[in-house]
Amino acid sequence: MLTETNEKQQNTEKTQLTDRQLKTIPFIVTGSTYTEGCEKAQVDRTTLYEWLKQPEFKAELYRQRNEIAEEAFRALENSLSKAMNTLTGLLGYKR
């Protein structure tokens, strides 16, 4: 949960990023490699590695990566629960 201070810091960090950087991050986060993400975002890898030296860019990249990972784990957890209920039902077990 974001506190008001964390939210303000996050907004400040975002404003320090260029539009190009902000548009590139989702491609990097969802790409299987930095190379793939750079190709999709049409950004040179050298540029990405320069951006990664900037603490605010790196922080936003990690924040978005963690957000996606959390969503994936929630979806997986929900699916596992449904799968377990289905399997136990098929086996005749009652929960």
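Bear in mind that the values in this text are calculations on the coordinates, not laboratory data. Computed from a prediction, not measured in an experiment: that's the story for all the values here. We place every Cβ from the backbone using ideal geometry, glycine too, and count neighbours over all the protein chains shown.
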Cα-centred dipole magnitude for segment 9-91, charges only on beta-carbon of K, R (+1) and D, E (-1), debye, nearest 20 = 60
note = Of the convex hull drawn through the C-alpha atoms of segment 9-91, the volume per residue in Å³ is 105
